[in-house]
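The values are calculated or read from the model by the stated rules, or taken from the named source; none is laboratory data. No experiment lies behind these values; they were computed from the predicted model shown. Don't worry about glycine lacking a Cβ; one is built from the backbone with ideal geometry, like all the others, and counts go over all protein chains shown. The protein model used for the area step is the full one, side chains on, heavy atoms only, and it has no ligands, DNA or RNA in it. Shrake-Rupley method; radii C 1.70, N 1.55, O 1.52, S 1.80 Å.
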Amino acid sequence: MTMAAGCLVLMGWMFDISVLKSIMPGLAEMKIRTAVPLILAGFSMWWLTAETRHAKMTGVATVCAVLVTGAGLLSLSEYAAGRSFPVEDWLLHATFLRDTPFSPLRVSFMTACNLVFVGASLLLLHVGRSPRASAWLLLPVAALSGLALIGHILEEPALFFGIPELRSAGMALYTAVTFLILSAGILLAHPERGMVAVVTADSAGGVMARRLLPAAIVIPVLLAWLRLEGQVHGLYGTALGIAMLTTVIVAVFAGLITWNALALHRLDIARRSAEESLQESRDRLDLALVSARIGTWVWNMETDVSSSDAYLPRLFGLTTETYIGGLKNFQQIVHPDDWLQLSEALTRCTQTGDELDDEFRVVWPDGSVRFLVSRGKVYPDAEGRPVHMAGVCLDVTDRKQAELALKVTAAALERSNKELEIFAYVASHDLQEPVRAVSGCVELLQRRCQGQLDEGARELMKHIVEGATRMRTLINDLLTYSRVSTKGRPFEPVSCEDVFQTTLANLAVAVTESVALVTHDPLPEIVADRTQMGQLLLNLIGNAIKYRGEQAPFVHVGARREGDAWLFSVSDNGIGIEPQYFERIFVLFQRLHSRGKYSGTGIGLALCKKIVERHGGRIWVESAAGKGSTFYFTIPHAKGSALP
């Protein structure tokens, strides 16, 4: 806009168009030596707000600011010397212009001062990068231009350094308005800094400035103009006019001050309420941090100065009086074996901007060692350089001790299980021989004493043979159970269809005797121990046939894919199981029926559970008494190797 105004004035002088040189006829005209510097100042100001800048153009904008300042100084030197320099001939070669104090090229004293201040302000922004000092230089520009504008409004030539008989000698109205627009533009070039930042801020000061500044500028001028108009029209005299003006100004500004005071009072109440809420939140946060044994910290990377809450020193075995912040002092607290790891983590965070999450040990003054975890985030400055880091520290000593105790317990349990499995295998193997000896001796005695034993002796011999047989079966089942983990085969691709057919062949006698119907869905190929999968199906299908009701047994084997595992099911129409026994039936040697009613050792389902768990799956049952049962088990879709 400033450049446009200057160009219009130049066109007005070139083509002698009065309306372009001054807003209204009879008013002072903007001079050529004012229009040209304003064009240069407008370009320099526009370059300040440009999104993309080039070094050469920045230099041109700086030269423009220098020329504006030079133009103002040149005019001031003419006033100081009491004569005009031949600038007219140098610039325009306008020999037809009158060489008078009020020539088209001669500027007023106020305009010359404004050019100096505007040029210096632009130079500070281009070279000095000092928006605060630049804003202070614009204050006299605004004051002089505003004074001239008020003079034109009130028709008082003395206010714009004019002569009543020749009003064209002062600062033109056109010039005053253009300088005000130019000053506002320069201030708004950096709205985030300087006085404009205060005026545009959401703070109480910014709100008050936006409310009072327009009133302080407009209201006095408007009231003074009304007072003069009334006096000119003879409505009142000078004394009464001044008294009325003073009274109205006092009343208006008293009202404005009261209005703003009420607003400040409301803001103060809201601020106090917010501070109280914030303090309550801080108290709750401090309580939560202390309860969780968490301390907070902030570290300035440039000064190596850190601050913390009251709880952080306690994590280091120190007090707020004995704790000294800073990375160098922190190194003395960290365990020597952990410092390299922690320092590398800090360096990585500062270089990459990653968040800190590191576990380390600290040594308390009494020599005890505590485990801590520190989490933090790097915060950069406006230029992207990391300047400080903030985070928390929490004590995880109890957790680490619990983990260590758990590892020790798990190792001991694993060792005990292995020893128990070895013992069960050895014991089962060694018990085979005496049982075979007892059974063989009884059979030999029966053959030799055939016909010599009475009924009681024969019954006793029968019990001995049955007991030995049950003992042999129990030992074989126990041996099979112990071999699941110790003698299992490596996992390999297994066709469940083939395993099912083999199992059905092994149960052919039981199927025929019970007139059972065994069906199945298409069964998949899995990665498993083929022998153990056969034992699993043999036990589940065999139990379904054994624990049948009055109807002929019906058994169905199903399989479907669920996520990363295969879900198998073995359902029957047998006697069912009551819900309170769902867990008990998978425990070793647990039976729900007497041997006289249903044979067995109580190892079958425990063996199934162990086989399924070795394959990384789980097994469970859904049933109701008298309504049949469905046993479910899962096998992962892919298994690279057997579990130990």
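Residue pairs whose Cβ atoms lie under 6 Å apart, sitting 6 or more positions apart in sequence or on different chains, and linking a residue in segment 131-148 that is under 18 Å from residue 111 (Cα atoms) to a partner that is modelled with pLDDT of 80 or more and of a type in the set (Val, Ile, Thr), are 141/118.
Under 27 Å from residue 58 (Cα atoms) and either at pLDDT 80 or above or assigned to a helix (DSSP H, G or I) (or both) - does that describe any residue in segment 159-166? Checked segment 159-166: no residue is under 27 Å from residue 58 (Cα atoms) and either at pLDDT 80 or above or assigned to a helix (DSSP H, G or I) (or both).
Can you pull out every residue in segment 625-644 that is modelled with pLDDT of 85 or more, farther than 19 Å from residue 495 by Cα and surrounded by fewer than 19 Cβ atoms within 10 Å (Cβ to Cβ)? Of everything in segment 625-644, those that are modelled with pLDDT of 85 or more, farther than 19 Å from residue 495 by Cα and surrounded by fewer than 19 Cβ atoms within 10 Å (Cβ to Cβ) turn out to be 627, 630.
Are any of the residues in segment 538-545 modelled with pLDDT of 90 or more and polar (S, T, N, Q)? Checked segment 538-545: no residue is modelled with pLDDT of 90 or more and polar (S, T, N, Q).
For residue 542, the test of being surrounded by fewer than 19 Cβ atoms within 10 Å (Cβ to Cβ), within 23 Å of residue 621 (Cα to Cα) and in contact with a His (Cβ under 8 Å, 6 or more places away or on another chain) is failed.
Looking only at residues in segment 278-319 that are under 19 Å from residue 395 (Cα atoms) and open to solvent by 80 Å² or more (accessible area, probe 1.4 Å), which one is modelled with the highest pLDDT? Only one residue tops the list, namely 314. Scanning segment 215-239 for residues that are under 20 Å from residue 263 (Cβ atoms) and either open to solvent by less than 60 Å² (accessible area, probe 1.4 Å) or at pLDDT 80 or above (or both) yields a count of 4.
Entry remark, segment 107-153: residues being open to solvent by 30 Å² or more (accessible area, probe 1.4 Å) and outside any helix (DSSP H, G or I) number 2 in total. If you go through segment 354-406 and pick out every residue that is of a type in the set (D, E, K, R) and not in a strand (DSSP E or B), you end up with 10. Scanning segment 323-349 for residues that are part of a loop (DSSP other than H, G, I, E, B), open to solvent by less than 80 Å² (accessible area, probe 1.4 Å) and either of a type in the set (D, E, K, R) or at pLDDT below 90 (or both) gives 323, 325, 326.
Yes/no matrix, rows are residues, columns are (1) more than 14 Å from residue 571 (Cα to Cα); (2) in contact with a Cys (Cβ under 9 Å, 6 or more places away or on another chain):
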| site | (1), (2) |
| --- | --- |
| 503 | yes, no |
| 516 | no, no |
| 524 | yes, yes |
| 528 | yes, yes |
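Might you let me know whether segment 498-506 holds any residue that is more than 29 Å from residue 560 (Cβ to Cβ), among the β-branched types (Val, Ile, Thr) and modelled with pLDDT of 70 or more? Taking every residue of segment 498-506 in turn, none turns out to be more than 29 Å from residue 560 (Cβ to Cβ), among the β-branched types (Val, Ile, Thr) and modelled with pLDDT of 70 or more. Here 459, 419 are screened, and the one residue that is open to solvent by 80 Å² or more (accessible area, probe 1.4 Å), farther than 30 Å from residue 519 by Cα and at pLDDT 65 or above is 419. Scanning segment 350-377 for residues being open to solvent by 40 Å² or more (accessible area, probe 1.4 Å) and small (Gly, Ala, Ser) gives a total of 3. Quick one: would you say residue 197 is within 50 Å of the chain's Cα centre (by Cα), among the hydrophobic types (A, V, I, L, M, F, W, C), modelled with pLDDT of 80 or more and surrounded by 14 or more Cβ atoms within 10 Å (Cβ to Cβ)? Taking the combined requirement at face value, the residue does not satisfy it.
Taking segment 17-40 as the range and being modelled with pLDDT under 75 and open to solvent by 60 Å² or more (accessible area, probe 1.4 Å) as the test, the residues that pass are 18, 19, 23, 24, 25, 26. Among the residues making up segment 235-263, none is in contact (Cβ under 8 Å) with a residue 40 or more places away in the chain and within 16 Å of residue 221 (Cα to Cα).
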